[in-house]
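Peer 1: This is the structure, below, for whatever I ask next.
The values are calculated or read from the model by the stated rules, or taken from the named source; none is laboratory data. On a predicted model such as this, the values are computed, not experimentally measured, just so you know. Here Cβ is always computed from backbone atoms with ideal geometry, including for glycine, and neighbour counts include all displayed protein chains. The area values use the complete protein model at the heavy-atom level, side chains included, leaving out ligands, DNA and RNA. Shrake-Rupley method; radii C 1.70, N 1.55, O 1.52, S 1.80 Å.
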Amino acid sequence: MFPPRIACLDLDTFFVSVERLLDPSLIGKPVVVGAAPGHRGVVTSASYEVRPLGVRSGMSVTEARKLAPHAIYLPTRHGVYSGYSKQVRAVIEDTTPAVQAASIDEFFLDLRGCERLYARPGDDGPTVGIVRAVRELREAVQARVGLPCSIGLAPCRPLAKIASGLAKPAGVRVVPEGGELAFVEPLPVRKWPGIGPRTEERLVGAGVLTLGQLIDLPPGPLRARFGSLGEGVRAASLRGPRSLGEDRPAFKEHDAPGTAEGTLSNERTFHADVGDRQGVSDQLRSLSERVCWRARRRRVTARTVVLKLRTNDFHTVTRSRTLPSPTDREDVVFACVLGLLDEAWSGRLPVRLVGVGLSQLQDTGGQLGLPFGQGRPAVGRAIDGVRDRFGYDAIRLGAVGEKTSWIA
Amino acid sequence: MDLYIDRDELGRGLARIQGIIERRSTHPLLSHVLLHARDGGLRMTATDTEVAYIGDLSANVSRPGQLTVDAANLFQVVRSLPEATVQLTSTSNKRLEVRSGRSQFKLPGSAAEDFPALPAFDARGTAKMAEGALRRLVEQTAFSVATDDVRYGLNGAHLEEVTAESGEKRLRMVATDGHRLASAEAPFEGSLALSARMLVPRKALAVMRKLLEGDEDQVEIGFGDGAIRLSRPEQTFWFRLLDGEFPDYHAVVPTENKHRAMARRDELGAALKRVGILVQDRARAVRFAFSETELEIEVQNADRGEVREVVAIELEGAAIQVGFNARYLAEVIGVLRGDRVSLELAHPLAPCLVRDSDHDDAFFVIMPMRLD
């Protein structure tokens with residue numbers, strides 16, 4: 001059991017709301033933000049007044065005009081909206097420091113550890129204070145920035161996301177601890193993030209209309225066809241990501257714990273080709289760090305380290321080396337990668353792309369290493385902890401140059 | 001060379017060197033034993049150039065001489081001989097004739113001059129210790145030494161001098177593979193000429209375990225430059241040390257442990273043994289749930305079945321659930337001696353200290369696994 005502490009704050013009809021803030025005469029009128037007049041493009045935001053007509057963000061403006069010919073069509077003004085997004089973020093940060101922007105109008109918040117801050121005498125349990133804080137946050141965004149938003153608060157990320165959608169407009173929806181399945185079951189299948197129009201069509205065609213039906217498929221051909229999807233929905237409802245560090249579903253699935261099949265790799269194309277070894281090795285250090293972090297999350301160690309290098313003549317070289325024993329440590333991987341770099345790169349041509357890969361993966365089953373005081377592991381674990389909760393980019397190593405120790 | 005020797009004496013002597021000779025070496029004579037018949041007996045020498053052994057066997061020598069033969073081959077032959085007495089004779093064409101009763105073998109050999117040079121050894125200091133005590137140090141730590149780890153300093157056992165609470169001077173041996181750590185110590189006399197970066201390699205540990213047969217007999221430990229020599233009556237064994245940096249292991253020995261469980265060693269050991277039947281996959285965490293009076297060990301493994309064991313314990317501190325590689329714990333329980341063992345840790349992801357309630361001369365640290 002996990003109490004609801006993950007919130008998804010979604011700004012209602014964000015671009016439309018900003019346009020209305022800038023021009024109050026638009027309030028109450030049907031507004032569609034999308035391509036400039038006479039241009040082709042897609043709807044980026046549609047006000048609630050036009051939604052009953054079938055206008056949705058993502059559809060072409062031409063199609064929207066057919067459905068809602070009398071609406072006011074405004075061009076998407078790039079550069080205007082992000083300032084409001086930043087203002088919203090600043091308001092959120094007054095509630096919790098653990099914020100992650102999922103997009104310009106969607107934020108995830110982690111409220112774990114804030115219970116005592118928001119508790120008041122007489123509260124029936126710590127969740128009461130958290131729910132109150134979330135309601136106050138919604139009002140504060142409206143009052144301080146002038147934008148309506150909706151918030152879903154749930155024990156895990158996918159449910160928080162769904163709840164924020166159900167809370168619209170301008171509402172708060174809470175999924176209580178233990179109420180995860182009861183919340184999910186009556187919903188149409190399309191509400192689940194990751195079930196798109198195609199899958200919906202297949203499910204509905206087979207008579208599976210709600211997430212509850214999908215989770216609880218009777219044995220037989222339907223379960224054979226959709227059972228694993230249902231199991232995934234069920235598992236994610238009950239044990240979905242409880243922190244901001246979990247990556248988007250596709251990425252997470254890719255790095256599922258204990259998956260020893262395949263390889264892990266990260267690569268990077270330079271904005272401008274790099275000709276000096278230091279520049280290349282700095283990038284390799286950062287890639288080694290990232291790929292090892294992913295290995296640890298996936299609970300695997302790797303026997304083989306791969307370097308990929310593409311010079312500006314588009315010639316690509318890969319070099320690999322097998323280690324005497326498997327590792328998930330960036331210092332070991334980086335040292336190996338530097339050795340491979342010497343073999344692979346003469347330095348005559350500038351480098352366009354570098355990549356670091358790990359293969360011959362082995363499942364560690366979550367075995368932890370002894371926290372030897374010197375060097376990476378102890379600090380590394382702390383860094384991994386921060387990244388698991390706040391995302392990879394929440395913290396960066398400050399190592400400069402090859403000779404510097406891995407962590408000061 | 002011509003001599004008579006007791007078959008079993010020769011067999012024991014050859015058994016001791018089987019772990020030293022290098023069967024897969026590129027140098028063919030590293031798989032050989034050098035036989036040297038001289039006044040008073042037969043001397044056997046074996047080496048892989050990192051580890052060297054010299055053992056003297058009593059034999060009735062009528063003609064001195066030297067010859068090398070394949071050690072594994074000779075061992076198999078000697079073990080199969082029909083009579084209790086064996087005659088070894090070298091022929092002019094570098095062959096060794098082995099006769100016993102009515103059986104006669106002729107084994108190809110090589111000249112003694114072709115035998116590889118032995119590693120040099122100059123003692124800087126010596127200490128003495130009971131053979132059984134030194135063997136215990138090896139037995140209690142060798143299983144935790146890493147195998148071919150990229151962290152070179154984990155591939156051997158570390159030695160250091162410590163002073164016990166009683167004021168007794170002890171030699172401590174420590175080994176870790178990065179997931180678990182074992183430390184054992186025993187009293188010695190004399191001086192340990194230890195220096196940093198001296199690690200006993202795996203192979204030397206395996207050989208020591210085999211050669212240290214006695215209990216109270218004293219073994220002399222000589223410390224040389226990057227090498228250690230062990231001398232016991234009729235046998236000398238020395239080996240090169242690994243030049244690697246052992247990590248600062250003190251940092252991983254937990255001191256502030258809020259949870260402390262005491263269990264009977266035999267009960268816990270037996271339960272772990274049964275659990276081990278289902279846990280073939282070392283990457284699988286076994287759930288250990290400690291409550292006030294019981295430790296519940298549980299494995300859920302769809303393929304091989306499920307097992308649940310309950311062991312009586314006394315727990316200080318709150319109930320706690322921890323995942324462990326059950327084999328790591330079983331190996332530690334297997335080398336402890338007291339009736340009761342204690343498991344102590346601060347939280348489910350912190351290192352767990354395992355000790356014996358009756359002996360202060362060994363401790364073990366096991367890192368948990370994540371459960372979920």
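Peer 1: Of the residues in the range B:98-120, how many are over 17 Å from B:T68 (Cα atoms), touching a residue at least 40 places away in the same chain (Cβ under 8 Å) and either assigned by TED's automatic domain parsing to the domain that holds B:S31 or part of a strand (DSSP E or B) (or both)?
Peer 2: 1
Peer 1: Another question, then. Scan the range B:353-365 residue by residue and report those that are within 14 Å of another protein chain (Cβ to nearest Cβ) and out of contact with any Pro (no Cβ under 6 Å at 6 or more places or on another chain). Can you show your working first?
Peer 2: Within the range B:353-365, the subset within 14 Å of another protein chain (Cβ to nearest Cβ) is B:353-354, B:363-365.
Hits for the range B:353-365 are B:V354, B:F363, B:F364.
Peer 1: Hey, another quick one. Only one of (1) open to solvent by 20 Å² or more (accessible area, probe 1.4 Å); (2) under 15 Å from the mean Cα position of the chain (by Cα) is not met by B:A196, so which one is it?
Peer 2: Exception for B:A196: condition (2).
Peer 1: Another one. For the range B:123-180, what are the residues that are free of Cβ contacts under 8 Å to residues at least 40 places away in the same chain, open to solvent by less than 30 Å² (accessible area, probe 1.4 Å) and more than 14 Å from chain A (Cβ to nearest Cβ)?
Peer 2: B:V162, B:M173, listed by residue number.
Peer 1: Which of (1) more than 11 Å from A:V354 (Cβ to Cβ); (2) buried (at least 18 other Cβ atoms within 10 Å of the Cβ) does A:L287 not meet, given it meets every other one?
Peer 2: So A:L287 meets the others, but not (1).
Peer 1: Still on this structure: Just the residues that are part of a helix (DSSP H, G or I) and open to solvent by 40 Å² or more (accessible area, probe 1.4 Å), please, taken from the range A:182-207.
Peer 2: A:A182, A:R190, A:K191, A:P197, A:R198, A:E200, A:E201, A:R202, A:V204, A:G205
Peer 1: Look through the range A:370-394, keep the residues that are at pLDDT below 85 and in a loop (DSSP other than H, G, I, E, B), and return whichever of them is farthest from the other protein chains (Cβ to nearest Cβ).
Peer 2: This residue is A:G391.
Peer 1: Still on this model: Of all the helices (runs of 4 or more DSSP H) wholly in the range A:1-109, which have at least 1 residues that are open to solvent by 10 Å² or more (accessible area, probe 1.4 Å) and within 25 Å of A:E136 (Cα to Cα)?
Peer 2: Passing ranges, in order: A:14-22, A:81-93.
Peer 1: In addition: In the range B:241-260, what residues are among the hydroxyl-bearing types (S, T, Y) and exposed (fewer than 15 other Cβ atoms within 10 Å of the Cβ)?
Peer 2: Of everything in the range B:241-260, just one residue is among the hydroxyl-bearing types (S, T, Y) and exposed (fewer than 15 other Cβ atoms within 10 Å of the Cβ), namely B:T255.
Peer 1: Moving on. All but one of (1) over 18 Å from B:S90 (Cα atoms); (2) without any contact (Cβ under 8 Å) to a residue 40 or more places away in the chain hold for B:D39; state the number of the condition that does not hold.
Peer 2: Just one mismatch for B:D39, condition (1).
Peer 1: Within the range B:77-116, can you find the residues that are among the small types (G, A, S) and open to solvent by less than 80 Å² (accessible area, probe 1.4 Å)?
Peer 2: B:S80, B:A84, B:S90, B:S100, B:G101, B:S103, B:G109, B:S110, B:A111, B:A112
Peer 1: Shifting gears a bit: Being under 15 Å from the mean Cα position of the chain (by Cα) and modelled with pLDDT under 95 narrows it down to one residue among B:T126, B:T91, B:T141, B:T147; which is it?
Peer 2: Just a single option satisfies the conditions, and that option is B:T147.
Peer 1: Please report, ordered by residue number, the strands (runs of 3 or more DSSP E) entirely within the range B:156-270 with at least 1 residues that are assigned by TED's automatic domain parsing to the domain that holds B:R308 and either among the small types (G, A, S) or touching a helix residue (DSSP H, G or I) at 6+ places or on another chain (Cβ under 6 Å) (or both).
Peer 2: Qualifying strands (runs of 3 or more DSSP E): B:259-264.
Peer 1: Moving on. Within 14 Å of chain A (Cβ to nearest Cβ), in contact (Cβ under 8 Å) with a residue 40 or more places away in the chain and within 31 Å of the chain's Cα centre (by Cα): which single residue out of B:E331, B:E245, B:E234, B:E256 fits that description?
Peer 2: Values: B:E331 fails: within 14 Å of chain A (Cβ to nearest Cβ); B:E234 fails: within 14 Å of chain A (Cβ to nearest Cβ); B:E256 fails: within 31 Å of the chain's Cα centre (by Cα).
Of the residues listed, the single one that is within 14 Å of chain A (Cβ to nearest Cβ), in contact (Cβ under 8 Å) with a residue 40 or more places away in the chain and within 31 Å of the chain's Cα centre (by Cα) is B:E245.
Peer 1: Moving on. Scan the range A:141-154 and give yes if some residue there is among the basic types (K, R) and surrounded by 15 or more Cβ atoms within 10 Å (Cβ to Cβ), otherwise no.
Peer 2: Looking for residues that are among the basic types (K, R) and surrounded by 15 or more Cβ atoms within 10 Å (Cβ to Cβ), one finds none in the range A:141-154, hence no.
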